[in-house]
Amino acid sequence: MNYRHAFHAGNHADVLKHVVLLAMIEALARKDAPYFVLDTHAGRGRYLLQGEQAGKTGEAQGGIFKLFVLHGLPALLQRYLKRVQADNPVGALIAYPGSPLITAQAMRAGDRLVACELQVEEAQALASLFAHDRRVDVRHADGYATVKATLPPKERRGLVLIDPPYEAQDEEFGTILSALKEGLTRWPTGIYAVWYPIKMRRTLNAFFRKAALLPCKSALLVELQVHADDTPLRLNGSGLLILNPPWQLDVELAPVLPVLARLLGERHPSWRIEWLKPDFG
Ligand code: SAM
């Protein structure tokens, strides 16, 4: 099977990331010209949520499982859930689509995805998932190096998603900032979305200060916290830093974030959509 048990898959952070990703891909599809997506840390594409281990303890219980059966949600959330449901044709929530699958499902015939994964087993699973999809180029490689190797894309419009595991802790931010500088130099008009964990907020301030100085047109922060950010011991929330976001992404997400905070929140949930660098047109 092309997925494995995954403890974290489908948690509140994945839901936020994939809803925002879908909104950005849909925005790119509003123009006829083809677009390009680079997913630097793609994972295996599909995760198994139910099973001996994941079913009992998986973090999806606090994420996608809470939303899966609901109706009457904001339109973007409904469209996201439809994509998850398409991956679960029997009705029960078993498989959870990761970022490259969400992207590929939304792509048109002429659009293109480069999906990069460093871990060999994950890269193999990803390659077999897309073995028959010629729009998707799976690379077993370092995602940061692929920024240099693939940008600028011939399509001249599109998105780079940077979603690292933060194994290097705060050092990851330095690597991300270098990749963003490199990317913006090669492709100034691309959209760049970086996922980050929120444990204790103050540890993010230096990253935001440096990100605000990047040579992009604008920068938006979109965050969802399910707990107060008062302990480094758990994932209290997460966010996306989006450079050159699509037009009106903030407006489209405005009705969605409070609903996610209400439905997925635990103790003192909160959300924010804020310009780190405003778009002055
Ligand atoms: N983006 C995926 C999604 O939303 O479904 C999840 C990605 S997961 C958070 C991070 C992935 O990055 C892991 O699968 C890990 O093996 C991979 N990884 C770690 N370091 C990497 C690197 N330098 N380049 C590419 N992939 C890397």
Next on the checklist: Just to be sure I understand the filter: pairs with C-beta atoms under 8 Å, separated by 6 or more residues or on different chains, first member in the range 77-94 and at pLDDT below 95, second member of a type in the set (D, E, K, R). Which pairs pass?
Outcome noted: Asp87/Arg46
Checklist entry - Would the range 81-96 turn up any residue that is within 29 Å of Val251 (Cα to Cα), touching a Phe, Trp or Tyr at 6+ places or on another chain (Cβ under 7 Å) and of a type outside the set (A, V, I, L, M)? => result yes
Checklist entry - Taking only pairs six or more apart or across chains, which ones have beta-carbon atoms under 6 Å, a first residue in the range 20-35 that is small (Gly, Ala, Ser), and a second residue that is open to solvent by 10 Å² or more (accessible area, probe 1.4 Å) and modelled with pLDDT of 95 or more? => result Ala23/Glu252; Ala27/Pro246
Checklist entry - Does Trp187 satisfy the condition of being closer than 23 Å to Glu167 by Cα and at pLDDT 95 or above? => result no
Checklist outcome for this item: Taking the range 259-279 and keeping residues free of Cβ contacts under 8 Å to residues at least 40 places away in the same chain and either within 21 Å of Glu26 (Cα to Cα) or of a type in the set (A, V, I, L, M, F, W, C) (or both) leaves Ala261
Checklist entry - When you look at Gln169, is it open to solvent by less than 40 Å² (accessible area, probe 1.4 Å) and either more than 15 Å from the chain's Cα centre (by Cα) or over 28 Å from Leu113 (Cβ atoms) (or both), yes or no? => result no
Checklist entry - Are any of the residues in the range 87-100 on the phi < 0 side of the Ramachandran plot, part of a helix (DSSP H, G or I) and open to solvent by 60 Å² or more (accessible area, probe 1.4 Å)? => result no
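Listed here are the residues, each with its yes/no results for (1) modelled with pLDDT under 95; (2) crowded, with 24+ Cβ neighbours inside 10 Å.
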site	(1), (2)
Tyr3	yes, no
Leu16	no, yes
Pro34	no, no
Thr40	no, yes
Gly43	no, no
Next on the checklist: Tell me yes or no: at least one residue of the range 59-78 is open to solvent by less than 70 Å² (accessible area, probe 1.4 Å) and either acidic (Asp, Glu) or farther than 25 Å from Gly237 by Cβ (or both).
Outcome noted: yes
Checklist entry - How many residues does the range 150-162 hold that are part of a strand (DSSP E or B) and within 14 Å of the ligand (Cβ to nearest atom)? => result 4
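Table: residues versus (1) in a loop (DSSP other than H, G, I, E, B); (2) within 10 Å of the ligand (Cβ to nearest atom); (3) open to solvent by 30 Å² or more (accessible area, probe 1.4 Å).
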{"position": "Ala115", "(1), (2), (3)": "no, yes, no"}
{"position": "Glu121", "(1), (2), (3)": "no, yes, yes"}
{"position": "Ala127", "(1), (2), (3)": "no, no, yes"}
{"position": "His132", "(1), (2), (3)": "yes, no, yes"}
{"position": "Thr175", "(1), (2), (3)": "no, yes, yes"}
Next on the checklist: Please go through the range 189-200 and give me each residue that is part of a loop (DSSP other than H, G, I, E, B) and free of Cβ contacts under 8 Å to residues at least 40 places away in the same chain, ordered by number.
Outcome noted: Lys199
Next on the checklist: Every residue in the range 21-44 that is away from the ligand (no atom under 11 Å from the Cβ) and assigned to a helix (DSSP H, G or I), please.
Outcome noted: Leu22, Ala23, Met24, Ile25, Glu26, Ala27, Leu28
Next on the checklist: Looking only at the range 138-149, filter to residues that are open to solvent by 20 Å² or more (accessible area, probe 1.4 Å) and either in contact with a Ser or Thr (Cβ under 7 Å, 6 or more places away or on another chain) or within 17 Å of Ala104 (Cβ to Cβ) (or both); which one of those is farthest from the ligand (Cβ to nearest atom)?
Outcome noted: Val138
Item to check | Selection within the range 201-238 - assigned to a helix (DSSP H, G or I) and open to solvent by 10 Å² or more (accessible area, probe 1.4 Å) | outcome: Arg201, Arg202, Thr203, Asn205, Ala206, Phe208, Arg209, Lys210, Ala212
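The values are calculated or read from the model by the stated rules, or taken from the named source; none is laboratory data. Keep in mind that what you see is a predicted model, and the values were worked out from it rather than measured. Here the Cβ is made from the backbone with ideal geometry for all residues, glycine too, and neighbour counts use every protein chain on show. Just the protein is used for accessible areas: all its heavy atoms, side chains included, with ligands, DNA and RNA removed. Shrake-Rupley method; radii C 1.70, N 1.55, O 1.52, S 1.80 Å.
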